[in-house]
Amino acid sequence: MPLLKLENVTKRFGGLVAVDKVSLEIQAGELIGIVGPNGSGKTTLFNVINGVYPPEEGKVFFDGKNITRLPAYKRAPLGLGRTFQIPRPFGSASVRENVAIGAMFGTLADKVSVDDSLEIADRYIELVGLEPHKDKEAGTLTPVEKKMMEIARALAMRPKLLLMDEAMAGMNPKDIDDMVKFLKRIKDEENIAIVSMVEHIMRAVAGLAERVMVMNQGAKLIDAKTEEALTDPRVVEVYLGHPTDKSKWRSEVWKEGKDWDE
Amino acid sequence: MIFTLLAGNLTHGLLLGGVYGLATMGLSLIFGVINVVNVGHGQFIMVGAFVTLTMFTTLGLSPVVSIPVALILGMALGFFFFYTVMRRLIRAPELTSLLATFAMGILLEEIAKLIFGADFRGYNWGVGRITLPITTIPMSKVYAFIGSIVIALFLYFWFSKTRLGTAIRAVIEDNEGATVCGVNVGWIYALSFAIGIGLTVMSGVLLTMFIPVGINPYMGGGYTLKAFVIAVLGGLTSPYGAFFAGLIFGLIENGAYTLFALIPGVAPFPLTVSLAFWMLFFLLLVKPTGLLGK
Amino acid sequence: MKNTISKYYPLIPVFAAYLIMFIIGFFMPGMWQMVALLAFYCALGQSWNIFMGMTGYVDFGYVTFIALGTYGMSLGISYFSQFEWLGIGILVIGLILALFLASLSALLEAFIALRLRGAYFAIACIGINEGLRYFIEGAKIWGGSEGMIFFGALMQAFGKETVNQLTTFWADFSVFIIAALAAFLNMHYMRSKIGYALTAVREDEDAAKVMGINTTKYKTIAFLTSGLLGAGVGAMAWGLKLGHVYPGDVFVIHYTVECIVVVLLGGAGTLLGPVIGGLIYGLSKYWLAVIMPGFQLLIFAPIIIIIIVAAPEGVVGLLKRRLKGTQLEMFIE
Ligand SMILES: Nc1ncnc2c1ncn2[C@@H]1O[C@H](COP(=O)(O)OP(=O)(O)OP(=O)(O)O)[C@@H](O)[C@H]1O
Ligand SMILES: [Mg+2]
């Protein structure tokens, strides 16, 4: 049984079809990347998965349960964690309190007290390296620190599936490599599936995910093993606007770790 | 018989509705542009009423003269409050601007009390009355209605035909977008706030035609609440929506009053007021963007 | 265990302040009236703060709860004073009615108004308050605009001596109790999951939902708590103490504004704030009423504006900042 299963999910905003009949299966403990140009519907897909709004059509199953119409707050305790493209810290609360909120209302909600949650928070804060900033107001962190805090907050929820929306945007190559290593380690240690959404940074996708889904204009373009997906002529065309030599694409753009934009 | 009565009262309601509409346009304009609900709205109406009363009783000037005076005074007050207080609160949490405008309202009430005392007062603008088959209407009310329509139309053309008006509409539509298009948003904020207050004070002049002895420092609160109902009915950010909603509100108010008066054992006036709020409540529940809104 | 207790240390200065106020009022002749007024503002500020301070929602209609509390007590005394065997029990019935009416309206409001945000919520709450007031007057229920006068019933039930004690001491004393209870609940919520959930709601309600927080539930808890405490204050300080109730006297938004001023002066969302705010506001109001009667509002209006613009954190907010990192930090919240 897949951990997450989407069946022909469609989400519209007025006349715009932001997500167009997307089907997808994710197994427990898997690491999958979703890529696609700006506005291709990645964030919207996440929002449908974790219940920010329901889809117009299609179904969402999590852990075998139909959660298509379940409100967002009931999904987190089932094991759906999430970080945001533009970080959304609870600004006036400290980093520690932010992360503790994750622990308090995540899958452990019924089992942990406030004190337990604060202890759990400390563990994940250490894990993401925010120890020195523990007692700062979250609103005062730098953008990258905010992203790390969101990851800690989502991990403290002890999710089965972690949805990460552009967690690596704005990072330098070294940070990206560290992040990739970190996510792989987390995946194994915590035994969670991670869906990581990346827009341009090929270095991250290539190193991170075993499997990639490419989206274009709301629809699923391809869903395959990473290397295969990223070298598929259709994918190349979506990004460059014209077909190109496969080996050239691979060596220049992908392996060298450049942005697709360049 | 009852239909004649109803028709007569609805006519009065329509006339008052025009003034209600004008009185709410300022509230919607300010909310639309700077996203602030002016909780002290009614007190600016009160200022307009006292301007009219004073000019009429001490200088013997007709309310027609008070209209431009009220506009200028209102805009001056608007600019003053904007640059001293509101400017600093635009990005602040909602609580602060709600409180600040409330405090402004109290300040105006207390200053009015200091100057004029707390009595109910009024004046009589003897311009005759007109007799229709269904009712008799003082001409002053008719003039007030015409006045509010003329002002609303003028505003409509100003908004759609002038550069400044278009800029204001752009800011109502989309704050960030407007900045990019080279609109000086800071000045638009100030100007809109001032125009909003100016309109409100001006509507106070017209309102005096409907309240022969109702002018007093604390008259404003009730109108703030009515203006909320009307603004929500009209879509909250749309000044024209507010004007039409005002007409509808005037009709409902007078119609409901006529009907409630037929029920034995109740007090029709407060019941009508309460109806307005249940309406507001219901509206917010089913369609917070307003019936006439998008 | 020590850890748990020390988390409640910030209650110490609050309770100390209430105790000192009580002692001054009780033992110094002629002071009780003023102290009771201060307790009234502290209790209201503390109660209102539980909802507004923690969620950031502005409930201009808060006075609805105080008013319904007053009506509950009034109904209890008016209708049950004829049963002599009930004795002091009629006050208990009155209090229960007060809490019942307040929870009814709180739940109704929570169901409807808490689905709205920001200005819409504020407007809806004003609407409910006014709607209720004019409905009572218009439909002539509970005496309509003439209200209810039950001082006589009170006299008949308890006799002059007891009534005198009830209205001049016990009514005020129970306001003290409510103030302390409100402070305790406030602290307790701050230290429990409720407080964390409400912080999340205040900062980013949508993100809070995604984190698994049932925002409606927690907002309703805070709303109900705050409303019930307000109803208690209304029942005692207005109902029992005055012996009458008129809709035009109790459904008055100005009282909500007084709560807001108290909380803002002291510091919204803090524990000690409403106490400090209540003391400053109550004292200055009392004093202004003596030296320039009738002009309090003329002076308060600009003060509100100045606080909002210049010191939105309030006294305790500033104090907390000052004490950060010192030994005293753990006593201030
Ligand atoms: N709440 C909304 N209302 C209306 N349109 C929306 C909304 N959210 C997204 N859209 C539109 O849906 C489309 C898909 O947007 P989405 O944010 O999902 O794309 P994305 O792949 O995450 O893009 P990006 O790389 O920029 O983050 C875009 O055209 C966007 O403008
Ligand atoms: Mg996105």
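The values are calculated or read from the model by the stated rules, or taken from the named source; none is laboratory data. Given the structure is predicted, the values throughout are model-derived calculations rather than measurements. Glycine gets a Cβ as well: all are built from the backbone with ideal geometry, and neighbour counts include every protein chain shown. Just the protein is used for accessible areas: all its heavy atoms, side chains included, with ligands, DNA and RNA removed. Shrake-Rupley method; radii C 1.70, N 1.55, O 1.52, S 1.80 Å.
Report the accessible surface area buried between chains B and C, summing both sides, using a 1.4 Å probe on protein heavy atoms only, in Å² rounded to the nearest 100.
3700 Å²
Give the carbon-plus-sulfur fraction of the accessible surface of chain B in %, rounded to a whole number; probe 1.4 Å, heavy atoms of protein chains only. The partial results should precede the final answer.
On the way: 8530 of 11920 Å².
That share works out to 72 percent.
Hey, what number do you get for chain A at 222 nm if only DSSP H runs of n ≥ 4 count, each worth -39500 (n - 2.57), divided across all residues, to the nearest 500?
-10000 deg cm²/dmol
Placing +1 at every Lys and Arg Cβ and -1 at every Asp and Glu Cβ, with all other atoms neutral, what dipole size does the protein assembly as shown have around its Cα centre, in debye to the nearest 20? Present the calculation step by step, with values, prior to reporting the outcome.
Details: 69 positive and 65 negative charges, 123 e Å.
Using Cβ point charges on Lys, Arg, Asp and Glu, the protein assembly as shown gives about 600 debye.
For chains C and A, what's the summed buried accessible area, probe 1.4 Å, to the nearest 100 square angstrom?
Values: alone 16030 and 11950 Å², together 25950 Å².
Counting protein atoms only, the buried area is about 2000 Å².
Rounded, prolate or oblate, given the Cα gyration tensor of segment B:192-294, with a/c below 1.5 counting as rounded?
Oblate.
Using only Cα atoms, tell me the angle between helix B:239-260 and the longest principal axis of chain B; keep it within 0 to 90° and round to the nearest 10.
Helix B:239-260 and the main axis of chain B meet at about 30 degrees.
Is it possible to state the helix-based mean residue ellipticity at 222 nm for chain C, with each DSSP H run of 4+ residues giving -39500 (n - 2.57), the sum divided by total residues, to the nearest 500 deg cm²/dmol? What is it?
-24000 deg cm²/dmol, from helical runs alone.
Pick out, in residue order, every one of the trypsin sites (Lys or Arg not before Pro) in segment A:93-164 that is DSSP loop and has at most 14 other C-beta atoms within 10 Å; say none if there are none. Provide the component values of the computation, followed by the final result.
Values: sites: A:ARG96, A:LYS111, A:ARG123, A:LYS134, A:LYS136, A:LYS146, A:LYS147, A:ARG153, A:LYS160; in loops: A:LYS111, A:LYS134, A:LYS136, A:LYS160.
Answer in residue order: A:LYS111.
Where does helix B:268-286 land angle-wise versus the long Cα axis of chain B, in degrees 0 to 90, nearest 10?
For helix B:268-286, the angle is close to 40 degrees.
Any idea what % of Cα-Cα pairs in segment B:2-286 are farther than 24 Å?
Above the 24 Å cut-off, segment B:2-286 has 50 percent of its Cα pairs.
Charges at C-beta only: +1 for Lys and Arg, -1 for Asp and Glu. How large is the resulting dipole of segment B:2-286 about its Cα centre, in Debye rounded to 20? Write out the running numbers ahead of the final one.
Numbers: 11 positive and 8 negative charges, 70 e Å.
So the magnitude is around 340 debye.
Taking square-rooted eigenvalues a ≥ b ≥ c of the alpha carbon gyration tensor, is the protein assembly as shown rounded, prolate or oblate, where a/c under 1.5 means rounded and, failing that, a/b exceeding b/c means prolate?
oblate
Using a probe radius of 1.4 Å on heavy atoms only, what accessible surface per residue do you get for segment B:40-142? Whole Å² is fine.
45 Å²
Compute the signed sum of charges (Lys and Arg +1, Asp and Glu -1) over the other residues within less than 11 Å, Cβ to Cβ, of A:ARG153.
Its environment carries a net charge of +3.
Place +1 on the Cβ of every Lys and Arg and -1 on the Cβ of every Asp and Glu in the protein assembly as shown, take the dipole about the Cα centre, and give the residue among B:GLY40, A:MET197, B:GLY241 whose Cα lies farthest towards its positive end.
The residue sitting most towards the positive pole is B:GLY241.
Is the shape of segment C:280-333 best called rounded, prolate or oblate, per the rule: a/c under 1.5 gives rounded, else a/b larger than b/c gives prolate, else oblate, with a ≥ b ≥ c the square roots of the Cα gyration tensor eigenvalues?
Here segment C:280-333 falls in the oblate category.
Using +1 on the beta carbon of Lys and Arg, -1 on that of Asp and Glu, and nothing else charged, what's the dipole of chain C about the Cα centre, debye to 20?
Result for chain C is approximately 800 debye, rounded to the nearest 20.
Show me the trypsin sites (Lys or Arg not before Pro) within segment B:1-91 that DSSP assigns to loop and that have at most 14 other Cβ atoms within 10 Å of their Cβ.
Hits after loop and neighbour filter: B:ARG91.
May I ask for the distance between the Cα centers of segment B:238-261 and segment C:198-277, given as a whole number of Å?
Taking the Cα centre of segment C:198-277 as reference, the centre of segment B:238-261 is 33 Å away.
For segment C:2-324, what is Rg from Cα atoms divided by 2.2 N^0.38 Å, rounded to two decimals?
Normalised by 2.2 N^0.38 Å, the Cα Rg of segment C:2-324 equals 0.99.
Ignoring any ligand, DNA or RNA, what whole percent of the accessible area of segment A:45-170 comes from carbon and sulfur when the probe is 1.4 angstrom?
51 percent
What is the angle, in °, between the Cα long axis of helix C:314-323 and the longest principal axis of the Cα atoms in chain C? Nearest 10 is fine, range 0 to 90.
40 degrees
Could you give log10 I(q)/I(0) at q = 0.10, 0.12 Å⁻¹ for chain A, computed by the Debye formula over C-alpha point scatterers of equal weight, without solvent?
Normalising to I(0) and taking log10 leaves -0.49, -0.71.
In terms of Cα to Cα distance under 27 Å, which lysines are near enough to C:LYS320, apart from those fewer than 8 places away along the same chain?
Cα-Cα hits under 27 Å: A:LYS134, A:LYS136, A:LYS146, C:LYS2, C:LYS7, C:LYS193, C:LYS219, C:LYS285.
Could you report segment A:141-233's accessible area per residue, 1.4 Å probe, as an integer in Å²?
Result: 36 Å² of accessible area for each residue.
Roughly what would the spin-label model give for C:ILE20 and A:GLN27, points 7 Å off Cα along C-beta, in nm?
6.9 nm
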